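In what follows, a single structure is set out as structure tokens and then discussed.
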Amino acid sequence: MSEVLLEARELNRTYSVSRGLLARPATLCAVSGVNLTVERGGVLGLVGESGCGKSTLARLLLGLEAPTGGQVLIGGRPVSEMDRLERARKIQIIFQDPNSSLNPRKTVLSIVTLPLRVHRIGDRRERENRAAEMLELVGLPRRVLTRLPADLSGGQRQRVAIARALVMRPEIVICDEPTSALDVSVQSQILNLLQDLRHELGLTYLMISHNLAVVRHMATRVAVMYLGRIVEEGDASSLFAEPQHPYTRILLDSVLTPEPGKGLPETALGASFPDPTELPAGCRFHPRCPKAMAICSSEAPRLTSRQGGGRVECHLQD
Ligand SMILES: Nc1ncnc2c1ncn2[C@@H]1O[C@H](COP(=O)(O)OP(=O)(O)OP(=O)(O)O)[C@@H](O)[C@H]1O
Ligand code: SF4
Ligand SMILES: [Mg+2]
């Protein structure tokens with residue numbers, strides 16, 4: 001029987017954003033009513049355009065930010081009830097850009113052992129040994145320990161970031177666009193490393209990407225996010241073979257720009273990504289949906305079971 005390791009229940013996160021000196025602040029819904037489960041050992045791919053709420057969802061899952069509604073559970077326990085050490089041993093993150101996530105003035109040894117020092121784990125020698133073990137695990141020689149990030153290539157730096165994420169031996173790793181800042185030639189090496197580590201260490205991943213090729217390579221399940229909501233979710237093979245939400249179909253047909261922040265080419269969808277402080281009524285996707293019907297602009301679609309397993313939120317299903 002598979003075990004649910006990570007679970008989001010009705011997660012919401014809103015921000016109050018200023019609209020200038022005289023205007024009242026607006027409410028921005030970054031994450032709305034998100035339900036997700038990730039099974040132990042599984043890889044959930046989370047895809048969607050820039051600004052749809054992927055990184056916000058990641059921060060909520062990590063317990064770095066409190067949700068405005070709903071709950072995150074790891075191994076059945078609310079993350080909000082865990083202390084920092086317990087959380088650090090359960091869940092870690094690898095960010096997109098190792099250039100900005102690694103302190104340029106610290107040696108690799110200092111970077112990789114930082115979580116151990118923060119949590120007062122081991123003495124100096126034990127920490128150094130653990131760092132060397134981690135480097136070996138990610139395919140870097142021990143001598144790299146004394147180097148600064150500037151002495152390393154982009155791919156090596158991302159390996160250091162992976163070593164740092166794994167030093168606490170977490171059960172779950174969130175990879176937020178782990179390869180999009182890297183040269184194409186090293187992207188697949190990093191993905192293969194993540195895949196090997198998953199098998200070797202029995203890790204569970206949430207792979208965030210707007211690049212469906214990355215997700216196709218790794219994911220066992222896929223969730224598609226649009227304007228803060230999960231609009232379709234299912235088994236990776238079924239979702240890629242038979243996407244049922246119009247947005248998923250468009251995402252699959254699009255040639256995405258490799259850089260995050262650029263989103264989809266406008267030609268694929270006509271109107272550009274809407275303002276998240278002014279959510280469209282009814283189905284949030286209706287202003288851009290090629291299949292929109294009259295009901296779509298007034299009534300929000302309900303979540304229904306998806307043919308082939310999973311869920312989809314679209315009136316076409318009714
Ligand atoms: N701290 C914050 N304060 C105000 N708005 C925020 C904050 N963090 C995120 N947002 C807004 O929430 C929405 C979702 O942002 P988020 O960074 O989660 O998107 P994303 O899917 O990760 O995008 P990308 O693919 O570009 O990384 C955006 O409209 C963003 O501007
Ligand atoms: S509910 Fe309507 S607008 Fe929304 S995705 Fe389905 S068809 Fe398109
Ligand atoms: Mg992001």
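Since every read-out is calculated from the coordinates, none of them should be taken as a lab result. Everything numeric here is computed off the predicted structure, so don't read it as measured data. So basically every Cβ, Gly included, is an ideal-geometry build from the backbone, and we count neighbours across all protein chains shown.
Relative contact order (percent) for the stretch 4-317, with alpha-carbon contacts under 8 angstrom and 6 or more residues of separation?
On the way: 597 pairs, mean separation 63.7, N = 314.
Normalised by residue count, the contact order of the stretch 4-317 is 20 percent.
Pull out the extension gain between THR277 and LEU114, defined as 0.36 nm times the separation in residues minus the alpha carbon to alpha carbon distance; nm, one decimal.
Between THR277 and LEU114, full extension yields 54.9 nm more.
Sequence-distant or interchain residues sharing an amide H contact under 5 Å with GLU39, placed H: which?
LEU5
Report ³J(HN,Hα) in whole Hz for each residue of the stretch 234-241, in order, from the Karplus equation J = 6.51 cos²θ - 1.76 cosθ + 1.60 where θ = phi - 60°; Gly and Pro get x.
Coupling constants for the stretch 234-241: x, 4, 4, 5, 5, 5, 6, 6 Hz.
Per-residue ellipticity at 222 nm for the chain, helices alone: DSSP H runs ≥ 4 residues times -39500 (n - 2.57), over residue total, nearest 500 deg cm²/dmol? Please list the in-between numbers first.
On the way: 10 runs with 97 residues, N = 318.
Using -39500 (n - 2.57) per qualifying helix, the result is -9000 deg cm²/dmol.
Per the Kirkwood definition applied to all pairs of different Cα atoms, how many angstroms is the hydrodynamic radius of the stretch 4-317? Walk me through the numbers on the way to the answer.
Numbers: mean 1/r = 0.0487 Å⁻¹.
Here the Kirkwood hydrodynamic radius works out to 20.5 Å.
Through the Karplus equation 6.51 cos²θ - 1.76 cosθ + 1.60, θ set to phi - 60°, convert the phi angles of the stretch 142-150 into ³J(HN,Hα) values in whole Hz; use x for Gly and Pro.
For the stretch 142-150, the Karplus curve yields 4, 4, 4, 3, 8, 8, 9, x, 5 Hz.
Based on Cβ point charges of +1 for Lys and Arg and -1 for Asp and Glu, what charge dipole magnitude is obtained for the chain about its Cα centre, in debye rounded to the nearest 20?
1020
Using the number of other C-beta atoms within 10 angstrom as an exposure proxy, rank HIS199, HIS315 with the fewest first.
HIS199, HIS315
With only alpha-carbon pairs counted, each pair once and no self-pairs, how large is the Kirkwood hydrodynamic radius of the stretch 1-45 in angstroms?
13.0
In debye, nearest 20: dipole of the stretch 69-211 around its Cα centre with unit charges on the Cβ of K, R (+) and D, E (-)?
580
Would you calculate the separation in nanometres between label points at ALA23 and ARG169, each defined as 7 Å from the Cα along the Cα-to-beta-carbon direction?
Between ALA23 and ARG169, the label points sit 5.2 nm apart.
Under 5 Å between amide hydrogens, which residues at least 5 positions from LEU46 or on another chain qualify, with H placed 1.01 Å from N in the peptide plane?
MET207, ILE208, SER209, ALA223
May I ask you to compute the full-extension gain from SER2 to ASP318, defined as 0.36 nm times their residue separation minus their alpha-carbon distance, rounded to one decimal in nm?
Additional length available on full extension: 110.7 nm.
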